[in-house]
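So the structure is just underneath, and the comments pick up after that.
Read-outs throughout are calculated quantities, based only on the coordinates presented, and are distinct from any laboratory measurement. This one's a predicted model, so the numbers in the text were calculated from it and none came from an experiment. Virtual Cβ from ideal backbone geometry, glycine too; neighbours counted across all protein chains shown.
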Amino acid sequence: MTHLTLQAVTKRFNAAYAVDHVDLSVPDGKLVSFLGPSGCGKTTLLRMIAGLETPTSGSVTFAGRDITHVPANRRDFGMVFQSLALFPHMTVAENIAYPLRLRKTDKAARTRRIAELLELIQLPHMANRPVTQLSGGQRQRVAIARAIASSPKLLLLDEPLSALDAKLREAMQVEIRLLQQRLGITTIMVTHDQREAMTMADEIVVMEKGRIAQVGKPLDIYREPVSEFVADFIGLGNILPVTYDGRDSVSLPGGQQIVVTRPARAPDASTDIRLLIRPEDVCVKPVSMGAGPNRLSGTVTFIRDVGASVEATIDCAGFTLTVATTSRETPGLVPGMAVLAELPAQACKLVAARQAH
Ligand code: ATP
């Protein structure tokens, strides 16, 4: 069932469009992530869903009801926003109790609910601790407990983990995702971190300049990006300007011809085309393998070996490729070595070039 529907939602600040005719359906129980570079309109869109900002035009429907002009405090959504910090003078339990008090939940029910939430966020022993004495991750968990205390039908998270260091952030991503799945609560999360979106989301909405560039499951977007902008924003990629013959072959910047799988939605050969190949799809072969289809000669110029994975930079005539492999898969790579880089046809995607500004 679709829970939340946005129809042509638009927000203009003076003459500038922060959000420009966004149509979107968020299904029940899913976690959807708004992802995009700074200033693309993610937060403004989330604030309109929250009721903290009124759309210039368009409508927001929730569970079949038009809520476009319903004030935030009447929407009963849970929110974790940077601007809605925990109350520093209160304990963990008092913070979590706050929305329950607002709703005049009776004391016995409140006590039960607080105990349940403390278990859920795995901080039962910290009920009476002032929130100022918690770590960043613990504070974040309390903020989430407070947001879900009154069992909202929709949870809105705006960069909830941005203040945390990398390791804690990764751990919290998993924790929040597991909690969201356990509760089955429909959630929208804003982030500019593609790895975070890929870890947590059922669906990613990639935004570009106030519009939706692509919506889909994380791996579908990773494998089949619709444009250079999306290809570049999601994951690492080799993106090369190519000339496309309109069928199944392209010429690379060095003039080499390679075969590609003809895309279902073939870009027009007259437009600017980019070839995308992900680093893990490039196969490095010894020179002794000899020439072959889609095999390019190159020289290794840099190796980043971090133990679990190896990243190699290969200089081919006219362009550079980044390759992701492991020392087990491709042993003995060293800078200066001559190699062959094979680009499997089915891994070569063609996308329309990013439009000039
Ligand atoms: P970030 O990741 O940096 O938070 P964002 O994708 O969330 O960015 P928004 O905060 O939604 O982007 O902003 C989108 C655009 O709208 C930006 O150009 C911003 O400057 C503009 N904007 C946002 N709020 C206002 C406001 N209250 N008044 C005027 N312009 C605004």
Can you give me the Cα centroid spacing of the stretch 238-302 and the stretch 207-222 in angstrom?
24
Nearest-0.05 FRET efficiency for Leu183 and Ala63, computed from C-beta distance (R0 25 Å)
0.90
Ser150 label point, 7 Å along Cα→Cβ, cut-off 15 Å on backbone N: hits in the stretch 57-92?
71-80
Extension gain from Asp232 to Tyr98, taking 0.36 nm per residue of separation minus the Cα-Cα distance:
44.0 nm
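Over 22 Å between C-alpha atoms is what I'm after, so list which of Lys11/Lys209; Lys42/Lys349; Lys30/Lys153 land there.
Details: Lys11/Lys209 12 Å; Lys42/Lys349 27 Å; Lys30/Lys153 12 Å.
Exceeds cut-off: Lys42/Lys349.
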Which residue, Ile176, Ile273, Ile303, has the most motion in a Gaussian network model of the chain that connects Cα atoms within less than 10 Å?
Ile303
Hey, got a sec? Which trypsin sites (Lys or Arg not before Pro) in the stretch 260-357 land in a DSSP loop and have at most 14 other Cβ atoms within 10 Å?
Arg265, Arg328
Expressed in nanometres to one decimal, the distance between label points 7 Å along Cα→Cβ at Arg223 and Asp76 is 4.0
Tell me, what is the percent relative contact order of the stretch 237-352, built from C-alpha pairs under 8 Å that lie six or more residues apart?
33
Note: Asp248 to Ala166 extended length (0.36 nm per residue) minus current alpha-carbon separation gives 25.3 nm
Rg and Dmax [Cα atoms of the chain; Å; Rg one decimal, Dmax integer]
24.5, 78
Which of Leu120, Asn238, Ala166 sits farthest toward the positive end of the charge dipole of the chain, with +1 on the Cβ of Lys and Arg and -1 on the Cβ of Asp and Glu?
Leu120
Using the beta-carbon distance between Glu119 and Phe13 and R0 = 35 Å, what value does 1/(1 + (r/R0)^6) give for FRET efficiency, to the nearest 0.05?
0.20
Taking the Cα-to-Cβ direction at Ala108 and at Thr299 and moving 7 Å from each Cα, how far apart do the two end points lie in nm?
8.2
With labels modelled as points extended 7 Å from the Cα through the Cβ direction, what inter-label distance (nm, one decimal) is found for Thr54 paired with Arg129?
4.4
When the chain is treated as a Gaussian network with springs between alpha carbons less than 10 Å apart, the largest mean-square fluctuation among Glu228, Glu203, Glu280 is found at Glu280
Could you check how many percent of all C-alpha pairs in the stretch 275-357 are farther apart than 17 Å?
47
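What is the Rg over Rh value, at two decimals, for the stretch 72-159, using alpha-carbon atoms and the Kirkwood definition of Rh?
On the way: Rg = 12.0 Å, Rh = 12.9 Å.
With Rg and the Kirkwood Rh in hand, the quotient comes to 0.93.
Rounded to the nearest 0.05, what FRET efficiency do Glu311 and His21 have when you use their Cβ-Cβ distance and R0 = 45 Å?
So, using R0 = 45 Å, E works out to roughly 0.70.
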With 10 Å bins from 0: P(r) over the stretch 1-101, alpha-carbon pairs, percent:
14, 41, 31, 14, 1
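Could you work out the helix-only [θ] at 222 nm for the chain, with each DSSP H run of four or more residues adding -39,500 (n - 2.57) and the total divided by the number of residues, to the nearest 500 deg cm²/dmol? It would help to have the intermediate numbers written out before the result.
Numbers: 8 runs with 84 residues, N = 357.
One gets -7000 deg cm²/dmol as the mean residue ellipticity at 222 nm.
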Whole-Å distance, taken between Cα centres, linking the stretch 71-124 and the stretch 1-62:
26
